[in-house]
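Just so it is clear, none of the values below were taken in a lab; they were calculated from the coordinates. Worth saying up front: this structure is predicted, and the values here are computed from it rather than measured. Cβ coordinates were reconstructed from backbone atoms using ideal geometry, including for glycine residues, and neighbour counts include every protein chain displayed.
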Amino acid sequence: MYPFSTPSSIVRNRWYIAAFSNEITREPMGRKLLGLQVAMYRKEDGTPVAMYGLCPHRYFPLAQGKVRGDALVCGYHGFVFEADGKCSEIPSQGTGAGFCQPIYPIVERGPLCWIWMGDADKCDPALIPPYDDFGLNQPGWRYSSANYFHLKGRSQLLVDNLMDLTHLPYVHHHISGGEAMKNPSIKDEERAEGYRVSRTGKVPFTHFHELVFGPEARFEGISDFLSLTDYYGPEFIRTGLPITTAINGNPDVPPALGTLNILHGITPETENSTHYFGFATRNFRLEDETLDAFQYESDCKIRQQDVEAIEAVERDLDEGAQRQRELLVKSDAPAVKVRRKIEALLNAEQAEPSTARV
Ligand code: FES
Ligand SMILES: [Fe+2]
């Protein structure tokens, strides 16, 4: 499946964001994740539960049922499923059943709930992207701008989009200074946390920069900039606002006032649709709610533009990919490297028989 040679483009042995923590409550919620319906709710002690979402009796969506104690009661004929999946009650028989509804490991870390839908023997919470690397739940950092978009496009199109920032001046034409991303110098490196792409070039001072960093970040003329993109896996990518002082060639540019991380959680819904979770972290202007509001508005606008571009690609992708070989250029190098990494994961998974999947 484009752009991979494997039939599926979904890597299953990863932790994916299933929901923002505040979406999961005592009212069950349903979400299709990695091609499967999942019902999520909280136990009485607040622990989240993720259960395969279709009742085994008549395939009614369990998310339309009710939580009772720690159990989920199907809204059609009242079968009761405990938090470990065990069917403890069939009202029409006055009994339980030997049947267990599949349960998925779900881990709540700060504002995010991560789900594992891959092989049970490979499930390890240490594989959740490292929060300390991007300032989430860390002292001295602020979390803001949580937003969600449903994307009618395969997840790889979003990964490609985030790894190739030459789209900035075209898709996000309202961002002044985006021209700098047309042809920056690019370096990449493998880190313990993931694959890093560094872009450097020249950038003028912009109004956008001032809105984020404040008037004290103002400078005359042109500055060097450094922009980092970190790929942690097909499920999570960090991009950053250009840091204009890290490699400062202009003595008038003030010292760096902080780091703003834009985080992208990418969870396949199906083979060609995606849940796009966004949020930001920053280590400056920590109490500034005006900046939170600006950040939220700006991020949503930018994400909406990306969603529209990707959906336009997805609509006729099969036709295009069948008629013409994809034209890859120099700026595609990071995206192509990432595709190779993902393809290796897909090949490894699809060559191995799976264990304990629904
Ligand atoms: S469909 Fe769930 S109890 Fe019948
Ligand atoms: Fe974009």
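If you take the C-alpha gyration tensor of segment 15-125, multiply each eigenvalue by 5 and take the square root, what semi-axes do you get, largest first, in whole Å?
That gives 23, 15, 12 Å for the three semi-axes.
Treat each spin label as a single point 7 Å out from the Cα along the C-beta direction, and report the E220 to D121 distance in nm.
6.8 nm
Using +1 on the beta carbon of Lys and Arg, -1 on that of Asp and Glu, and nothing else charged, what's the dipole of segment 66-138 about the Cα centre, debye to 20?
Rounded to the nearest 20 debye, it is 360 debye.
Mind sorting T6, T290, T244 by how few other Cβ atoms lie within 10 Å of their own Cβ, fewest first?
On the way: T6 16, T290 9, T244 28.
Final ranking by Cβ density, sparse to dense: T290, T6, T244.
Evaluate the distance, in nm, between pseudo-label points positioned 7 Å from the Cα of R325 and of N347 along their respective Cα→Cβ axes.
1.9 nm
If you stretched the chain out fully between N22 and F294, how much longer would it get, using 0.36 nm times the residue separation minus the C-alpha to C-alpha distance?
That pair, N22 and F294, stretches by 95.7 nm at full extension.
Per residue of segment 192-198, what does 6.51 cos²θ - 1.76 cosθ + 1.60 with θ = phi - 60° give for ³J(HN,Hα)? Whole Hz please, x for Gly and Pro, Karplus curve as stated.
My calculation for segment 192-198 gives 4, 7, x, 9, 10, 10, 10 Hz in order.
Could you put L317, L165 in order, starting from the residue whose Cβ has the fewest other Cβ atoms within 10 Å?
The most exposed by this proxy come first: L317, L165.
Hey, can you grab everything whose amide H is under 5 Å from the amide H of F219? Only 5+ residues off in sequence or another chain; H modelled, so Pro and N-termini drop out.
Excluding prolines and chain starts, which carry no amide H, there are no hits.
For segment 228-273, compute Rh as the Kirkwood radius over C-alpha pairs and then the Stokes-Einstein diffusion coefficient at 20 °C and 1.002 mPa s; write the answer in µm²/s, rounded to an integer.
Roughly 166 µm²/s, to the nearest whole number.
Give me the distance in nm between label points sitting 7 Å out from Cα along the Cα-to-Cβ direction at S176 and Q304, one decimal.
For the pair S176/Q304, the computed spacing is 2.2 nm.
Pulled fully out, how much extra length does the chain show between D252 and S185, if you take 0.36 nm times their separation in residues and subtract their Cα-Cα distance?
21.8 nm
Quick one: helix 333-351 against the long Cα principal axis of the chain, what's the angle to the nearest 10°, folded into 0 to 90?
Roughly 20 degrees, rounded to the nearest 10.
Rank Q305, T206, G153 by how far each Cα sits towards the positive end of the charge dipole of segment 130-351 (+1 on Lys, Arg Cβ; -1 on Asp, Glu Cβ) and give me just the farthest.
T206
Using R₀ = 56 Å, calculate the FRET efficiency as 1/(1 + (r/R₀)^6) where r is the Cβ-Cβ separation of D332 and E287; round to 0.05.
0.85
Starting at the first residue of segment 22-27, write each ³J(HN,Hα) from the Karplus equation 6.51 cos²θ - 1.76 cosθ + 1.60 with θ = phi - 60°, in whole Hz, x for Gly and Pro.
6, 7, 9, 9, 7, 8
Given axes a ≥ b ≥ c from the Cα gyration tensor, I'd like to know whether segment 156-204 is rounded (a/c under 1.5), prolate (a/b larger than b/c) or oblate.
It is oblate, given that a/c is not under 1.5 and a/b is not larger than b/c.
Against the longest principal axis of the chain, how steep is helix 289-315, in degrees 0 to 90 to the nearest 10, with axes from Cα atoms?
80 degrees
For segment 247-325 and segment 70-101, what is the separation of their C-alpha centers, rounded to whole Å?
Computed from Cα coordinates, the inter-centre distance equals 42 Å.
Would you compute the Debye intensity of segment 220-358 from its alpha-carbon atoms alone, equal scatterers and no solvent, and pass along log10 I(q)/I(0) at q = 0.13 Å⁻¹ to two decimals?
Values returned for q = 0.13 Å⁻¹ are -0.84.
What does the helix-only formula give at 222 nm for the chain: each DSSP H stretch with n ≥ 4 adding -39500 (n - 2.57), the total divided by the residues, and the result rounded to the nearest 500 deg cm²/dmol?
Theoretical 222 nm ellipticity from helices: -6500 deg cm²/dmol.
Once you sort the root eigenvalues of the Cα gyration tensor of the chain as a ≥ b ≥ c, which label holds: rounded (a/c under 1.5), prolate (a/b larger than b/c) or oblate (the other case)?
prolate
Quick one: which residues, 5+ away or cross-chain, put their amide H under 5 Å from the amide H of K32? H built at 1.01 Å from N.
V38
Set the Förster distance to 30 Å, then compute FRET efficiency between S8 and S92 from the Cβ-Cβ distance, nearest 0.05.
Values: r = 38 Å, r/R0 = 1.28.
Efficiency computed from Cβ-Cβ geometry: 0.20.
Determine the gain in length on full extension of the stretch K66-M29; use 0.36 nm per residue of separation and subtract their C-alpha separation, reporting nm with one decimal.
Additional length available on full extension: 12.3 nm.
Using the Karplus curve 6.51 cos²θ - 1.76 cosθ + 1.60 with θ = phi - 60°, work out ³J(HN,Hα) for each residue of segment 93-109 in order, rounded to whole Hz, and write x for Gly and Pro.
Each residue of segment 93-109 in turn: 10, x, 9, x, 9, x, 7, 10, 6, x, 10, 10, x, 9, 10, 9, 10 Hz.
Note down the magnitude of the dipole of segment 130-351 about its Cα centre, charges +1 on Lys and Arg C-beta and -1 on Asp and Glu C-beta and zero elsewhere, to the nearest 20 debye.
It works out to roughly 480 debye.
Have a look at P7, I17, A192 and report the one farthest towards the positive end of the charge dipole of the chain, computed about the Cα centre with Cβ charges (Lys/Arg +1, Asp/Glu -1).
About the Cα centre, the residue reaching furthest to the positive side is P7.
Which pairs in the list K122/K341; K187/K301; K182/K337; K187/K341; K32/K152 are over 22 Å apart, alpha-carbon to alpha-carbon?
K187/K301
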